[in-house]
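Just below is one structure, and these are the notes that go with it.
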Amino acid sequence: MLKVGLTGSIAVGKSFVCEVLRELGAFVLDADLTAREVVAPNTVGLQKIVENFGAEILQPNGELDRVKLGAIVFGDEPKRQLLNSIVHPLVIESQNDWLAETERENPSAIAVIDAALMIESGGYERFTKLIVVWCQPAIQLERLMLRNNLSESEALKRINSQMPQDEKKRYADFLIDTSEGFEATRLKTTEVFRELELLT
């Protein structure tokens, strides 16, 4: 089985690239989904977050209030690192379980894990190949403002809290530029997938 990491900064189009890879036949795990699962109600992850950030980050139904937590950790580096130190090990453990299961069921699969902080957390080292999705900074800013209904300064704060795109690109085996929209991205993603197939 070929293990592929996929990463990129906020609002660069990773989800669309993953969708195309799935259509082409790759097995894709979305790390955001995993990150939600490991902090669902009654999990060790959520318990640890409450211990460190207080019960006020919970919604009335006992679920994590991601907006409240986001407001606390964005722009506060020590708190962001604390949150990552709780969530990342749980996410990596869950991903490893998924990889093992996928390999058992489909030994010749192309298994792709999508995670925004894969390089920062060192998680990318578990993969044979790394895809970095990126786009022009002005387009990224515009997409993030539209998607999350943020002001320019709020959006920039989120972008600047992550590793710069140019730095991420240095780690890549494959680059997918989404700046020119869906069709161009689909073509480039298909090209990359065909190259991955040659490695299986």
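Numbers for the structure displayed
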{"read-out": "Conditions (1) surrounded by 13 or more Cβ atoms within 10 Å (Cβ to Cβ); (2) at pLDDT below 95; (3) aliphatic (A, V, I, L, M); (4) closer than 25 Å to MET145 by Cβ; number of the one not met by VAL67", "value": "(1)"}
{"read-out": "Answer from VAL50, VAL28, VAL20 - the residue that is in contact with a Lys or Arg (Cβ under 9 Å, 6 or more places away or on another chain) and over 23 Å from ARG143 (Cα atoms)", "value": "VAL28"}
{"read-out": "Verdict on VAL4 being modelled with pLDDT of 95 or more, surrounded by 15 or more Cβ atoms within 10 Å (Cβ to Cβ) and not in a helix (DSSP H, G or I)", "value": "yes"}
{"read-out": "Flag if GLU183 is of a type in the set (Asp, Glu), free of Cβ contacts under 8 Å to residues at least 12 places away in the same chain and either surrounded by 12 or more Cβ atoms within 10 Å (Cβ to Cβ) or in a helix (DSSP H, G or I) (or both)", "value": "yes"}
{"read-out": "Flag if SER85 is touching a Ser or Thr at 6+ places or on another chain (Cβ under 9 Å) and of a type in the set (Ser, Thr, Tyr)", "value": "no"}
{"read-out": "Where a residue in the stretch 151-168 is in contact (Cβ under 8 Å) with a residue 12 or more places away in the chain and its partner, wherever it lies, is loosely packed, with under 13 Cβ neighbours inside 10 Å, with Cβ under 9 Å and at least six apart", "value": "SER161/GLU77"}
{"read-out": "Every pair of residues 6+ apart whose Cβ atoms lie under 8 Å, when the first sits in the stretch 1-13 and is among the charged types (D, E, K, R) while the second is modelled with pLDDT under 95", "value": "LYS3/ARG126"}
{"read-out": "Top-ranked residue of the stretch 186-200 - restricted to ones that are free of Cβ contacts under 8 Å to residues at least 40 places away in the same chain and loosely packed, with under 15 Cβ neighbours inside 10 Å, ranked as farthest from the chain's Cα centre (by Cα)", "value": "LEU198"}
{"read-out": "Residues within the stretch 134-150 that are over 20 Å from ALA115 (Cα atoms), assigned to a helix (DSSP H, G or I) and either touching a Leu at 6+ places or on another chain (Cβ under 8 Å) or free of Cβ contacts under 8 Å to residues at least 12 places away in the same chain (or both), tallied", "value": "4"}
{"read-out": "Test for ILE131: is it touching a residue at least 12 places away in the same chain (Cβ under 8 Å), on the phi < 0 side of the Ramachandran plot and outside any helix (DSSP H, G or I)", "value": "yes"}
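The values are calculated or read from the model by the stated rules, or taken from the named source; none is laboratory data. Predicted, not measured: the structure shown is a model, and the values here were computed from it. Heads up, the Cβs are rebuilt from the backbone with ideal geometry, glycines too, and the neighbour counts pull from every protein chain shown.
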